[in-house]
Amino acid sequence: MQRTAIFVGSFDPFTIGHADIARRALALVDRLVIGVGINDSKHYSLTPDERVKAIADLFADEPRVEVTGYSDLTTDFARRVGAQCVVKGVRSVKDFEYEREQADINRQLTGLETLLLCARPELASVSSTLVRELARFGKDVSSFLPQKR
């Protein structure tokens with residue numbers, strides 16, 4: 001049986017921390033579907049299509065990665081793509097508590113498991129929010145964004 005996981009988030013933008021979690025997840029699963037969350041009530045700096053394209057371009061040489069937008073519940077998205085688990089990165093205790101609550105609900109609703117991967121210490125401070133804020137003030141954020149290998 002092919003082991004499929006989803007890695008979901010708004011990814012606005014997709015940072016070096018996100019890329020690291022995705023690459024590490026590939027060591028554990030056969031297929032990784034990166035789901036770019038689309039929520040019409042949120043304001044993004046990049047459109048859904050821009051976010052999907054940027055991530056797809058980054059993983060263009062990795063056939064086990066698929067990138068798509070989604071706007072329904074994570075559990076419904078997982079079922080639609082045939083995923084057995086959700087991969088999430090955690091940078092802090094705060095992240096852990098939030099992700100644990102989400103994992104508990106997802107498991108109660110559908111039995112979907114969550115795999116939490118701890119951020120590498122050198123990446124634990126990198127967040128999309130931080131990158132957006134720095135960019136808004138005209139700072140160079142290229143060191144926080146993944147470059148195609």
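Just so it is clear, none of the values below were taken in a lab; they were calculated from the coordinates. Just so you know, these numbers come straight off a predicted model, no measurement behind them. So basically every Cβ, Gly included, is an ideal-geometry build from the backbone, and we count neighbours across all protein chains shown.
Please go through segment 68-149 and write out the chymotrypsin sites (Phe, Trp or Tyr not before Pro) that DSSP classes as loop and that have at most 12 other C-beta atoms within 10 Å.
Phe137
Percent relative contact order of segment 42-149, based on C-alpha pairs within less than 8 angstrom and at least six residues apart?
26 percent
What FRET efficiency comes out for Asp57 versus Arg100 if R0 is 35 angstrom and r is the Cβ-Cβ distance? Round to the nearest 0.05.
Working from the Cβ atoms, E equals 0.60.
At q = 0.16, 0.25, 0.28 Å⁻¹, what log₁₀ I(q)/I(0) does segment 1-68 have when each alpha carbon counts as one equal point scatterer in the Debye sum?
Listed by q, the Debye log ratios stand at -0.51, -1.12, -1.34.
Note the count of lysine pairs whose C-alpha atoms are less than 22 angstrom apart in the chain, limited to pairs 8 or more residues apart or on different chains.
7
In µm²/s, what is D for segment 48-137 at 10 °C and 1.306 mPa s, where D = kT/(6 pi eta Rh) by Stokes-Einstein and Rh is the Kirkwood radius from Cα pairs?
105 µm²/s
When the helix-only estimate is applied to the chain (DSSP H runs of n ≥ 4, each -39,500 (n - 2.57), divided by the residue count), what is the mean residue ellipticity at 222 nm, nearest 500 deg cm²/dmol?
Dividing the helical sum by the residues of the chain leaves -11500 deg cm²/dmol.
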